[in-house]
1. Is the shape of the stretch B:49-127 best called rounded, prolate or oblate, per the rule: a/c under 1.5 gives rounded, else a/b larger than b/c gives prolate, else oblate, with a ≥ b ≥ c the square roots of the Cα gyration tensor eigenvalues?
2. Under the classification rounded if a/c is under 1.5, otherwise prolate if a/b is larger than b/c and oblate if not, where does the stretch A:93-160 fall, given a ≥ b ≥ c as square roots of the Cα gyration tensor eigenvalues?
3. How many nm separate the modelled label positions at B:V6 and B:W49, each set 7 Å beyond the Cα in the direction of the Cβ?
4. How charged is the neighbourhood of B:V186? Take every other residue with its Cβ under 12 Å from the Cβ of B:V186, and add Lys/Arg as +1 and Asp/Glu as -1.
5. For the stretch A:6-11, take each phi angle, set θ = phi - 60°, evaluate the Karplus expression 6.51 cos²θ - 1.76 cosθ + 1.60, and give the result in whole Hz per residue in order, putting x for glycine and proline.
6. Checking the cross-link filter: which aspartates and glutamates have an alpha carbon closer than 20 Å to that of B:K164, excluding same-chain neighbours under 8 positions apart?
7. Using a Förster distance of 22 Å, how high is the FRET efficiency between A:C44 and A:R107, based on the Cβ-Cβ distance and rounded to 0.05?
8. At 0.36 nm per residue, minus the direct Cα-Cα distance, what do A:D150 and A:K124 gain on full extension? Give it in nm, one decimal, please.
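The values are calculated or read from the model by the stated rules, or taken from the named source; none is laboratory data. All of these numbers come straight from a predicted model, not from anything done at the bench. Cβ placement follows ideal geometry from the backbone for every residue including glycine, while neighbour counts extend to all protein chains displayed. Please note that ligands, DNA and RNA were not included when accessible areas were found on the heavy atoms of the full protein model with its side chains. Shrake-Rupley method; radii C 1.70, N 1.55, O 1.52, S 1.80 Å.
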Amino acid sequence: MKIVPAISLLVVLAAATTGLYQAVNHDRILYLDAVRLFKRDSYCEALPIFQKLAVKDFRKTDSLIYMGLSYEKQGNTRDSIRIFRQVLSLEPSNDDVRFKLGELYERDHEYRLAADMYGEIIKKKPANRAARVRRARALTAMGRFDEAIDIYREMLGERS
Amino acid sequence: MRRIAVTAILILLICTVISGPRPSFAREKTAGGASSLIAPGSADEVPDWMARWELARILGYAKRYDESIAEYKKLLKEKPGLAKARIEMARFLFWSGRIPESLEVLESVPSAQQTDESLLLMADLYRARKAYARAGPIYRDHLRRHPGDHAARLRFAEMLSWQKQYDESLAEYRRILSALPDDVQVRRKYGLVLMWANRFDEAARELRRTLK
């Protein structure tokens with residue numbers, strides 16, 4: 001007669017698994033809905049959903065990236081920077097995030113911070129031309145012409 | 001006993017149906033992935049000719065004109081159709097005092113590709129070469145389209161005064177002063193032109209205003 005508790009345990013387990021799965025599935029559906037909203041340029045509606053998902057750690061990096069991009073699309077550069085800094089703290093080796101932050105800092109006229117971001121990428125990948133050009137542009141915007149000139153000359157293989 | 005087992009199996013089946021299809025976690029990883037959205041794209045790739053163009057421009061800003069011109073020449077050898085680069089090069093030639101060369105470069109730009117800015121530069125170059133008859137119509141046309149460009153109007157007013165066209169020159173000065181009544185330097189120049197036009201009382205009055 002051990003079959004009754006065994007079956008009861010099985011039922012409880014099944015119910016618990018189903019409940020858990022429902023919760024996860026709910027977040028997944030929410031996430032995909034938010035992505036759809038983002039792709040339809042409905043950033044205002046997508047933002048709170050991504051925020052909620054990020055707080056719940058559901059695909060946190062992706063949710064945060066979408067949040068940062070939504071702020072950016074809305075012209076809210078400061079909040080976009082704040083979010084991408086969070087992403088960078090989660091993924092310190094992600095140079096795409098670093099590049100994005102560089103772009104946002106440039107847009108916010110924070111040229112020194114932008115140049116630093118690109119500089120960190122160049123330190124790891126000296127052949128990254130996009131980062132080198134962006135750093136040179138940021139340095140130019142700060143009036144540091146000679147440093148920018150050196151970068152361009154290096155890129156063109158003309159450094160004396 | 002059998003009923004219990006059947007009931008349990010039914011509950012399990014119902015749970016399975018309710019929970020829907022099992023998610024594909026492999027798909028989950030890529031569906032709606034955001035990383036690709038921030039990866040630098042092809043627009044961030046800078047070809048050598050563009051890097052050289054930026055280098056030429058920055059050398060110009062840094063007042064290293066000879067180096068800048070050399071880079072522009074290399075660039076234009078590779079991309080002769082870059083009218084904008086040609087115009088920039090003409091400007092740096094002008095800033096470095098190489099007026100005839102600057103004019104030559106600017107005149108080589110097809111008229112359809114001239115901009116308001118390049119035409120004004122051309123007027124300034126004609127003025128510098130004392131080719132006033134060529135500069136005048138360009139200034140007039142520019143000021144008709146940009147009446148608020150006081151710096152260009154001042155250069156035009158000066159040029160008219162050098163040609164002894166005092167009435168027209170003074171009219172241009174008055175237009176500037178109506179917009180910038182507190183500009184002491186413009187008023188002093190206005191006073192000088194009044195003197196050259198033998199209108200001494202007015203000149204004295206205007207010059208006195210600049211000393212208050």
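1. Oblate is the answer for the stretch B:49-127, as a/c is 1.5 or above yet b/c matches or exceeds a/b.
2. Verdict is oblate for the stretch A:93-160.
3. It works out to 8.2 nm between the two label points.
4. Summing Lys and Arg as +1 and Asp and Glu as -1 gives +3.
5. Coupling constants for the stretch A:6-11: 4, 5, 4, 4, 4, 5 Hz.
6. Partners within reach: B:D124, B:E172, B:D201, B:E202, B:E206.
7. The computed FRET efficiency comes out at 0.60.
8. Full extension of this stretch gives 7.5 nm more.
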